[in-house]
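Shown next, in structure tokens, is the structure this report addresses.
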Amino acid sequence: MIRVKICGITNIEDARCAVDAGADALGFIFVEKTPRYVEPAAAAAIIAQLPPFVTPVGVFWDHAPGHVKAVAAEAGLGALQFHGDEKPEDLAGYDLPVIKTIKLPPASTIEGRPEYRATEGFQVLQYSKVAAAVLLDTAVRWSEGEAREPFEWRQAARIVATNRDRPRVILSGGLTPENVGRAVAIVKPYAVDVNSGVEARPGAKDPGKVRRFVAAAKSTPLESA
């Protein structure tokens, strides 16, 4: 069964809602001056109340390693997710599992281009020795809090097909309760990650959307075509 991460958690109510819905991981964004930023101490208070086997993931963007390690220790993180321009060598030396974002163009910008693009596949290969997983996301910056378009899922499926073991592939970018089932069926990723697609507003989750998203993702057979 596919894993689900609900990202952009800012309060205990949203955390409990995600856990009750069946989420496997929660994301806490430590990128300052963004709509879903959470202080490490506030994240720590939420994480302390999580049940076993729900992984708290810290999201960072070109932060210094010392800062990342300090936040991870204070908050009690279980994994680290990097969304900036971090190079493979920048991600070595962490004691926690590392997830690196690979940014793809949204579907509306790649019409007419060749179906196969090797750039993103090469990026995934670059991070294979330091990242436990790569997260495929749109190139549109999420920090302003707006919803985003999904990218070409068949392009993501080709990346998944060539990276079966390490790094595992997490699908993100423009996912919603309405489209996540189809995305999972096409891409067959290790996990899916959602933020704005299950929000009532930036930084606040919609419980109904959270429940429907998790149910749709987990009920889709990975062997479906």
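Side notes on the structure shown:
- A single entry from Ala161, Ala107, Ala156 fulfils the requirement of being at pLDDT below 95 and surrounded by 20 or more Cβ atoms within 10 Å (Cβ to Cβ): Ala156.
- Complete set of residues in the range 17-41 that are surrounded by 21 or more Cβ atoms within 10 Å (Cβ to Cβ) and in a loop (DSSP other than H, G, I, E, B): Ala23, Phe30, Arg36, Val38
- Scan of the range 94-104 for residues that are surrounded by 14 or more Cβ atoms within 10 Å (Cβ to Cβ) and either of a type outside the set (A, V, I, L, M, F, W, C) or closer than 13 Å to Ala43 by Cβ (or both), ordered by number: Tyr94, Pro97, Lys100, Thr101, Lys103
- Residues of the range 1-22 that turn out to be within 13 Å of the chain's Cα centre (by Cα), of a type in the set (A, V, I, L, M, F, W, C) and under 15 Å from Glu199 (Cα atoms), as a count: 3
- Criterion (hydroxyl-bearing (Ser, Thr, Tyr) and modelled with pLDDT of 90 or more) met by exactly one of Ser143, Ser224, Ser196: Ser196
- Condition check for Ala44: part of a helix (DSSP H, G or I), among the aliphatic types (A, V, I, L, M) and surrounded by fewer than 20 Cβ atoms within 10 Å (Cβ to Cβ): yes
- Within the range 59-93, being surrounded by fewer than 18 Cβ atoms within 10 Å (Cβ to Cβ), more than 17 Å from the chain's Cα centre (by Cα) and within 24 Å of Thr10 (Cβ to Cβ) holds for Ala64, His67, Lys69, Ala70, Ala73, Glu74, Gly76.
The values are calculated or read from the model by the stated rules, or taken from the named source; none is laboratory data. These numbers come from a predicted model, not from an experiment. Backbone-built Cβ (ideal geometry, glycine too); neighbour counts: all protein chains shown.
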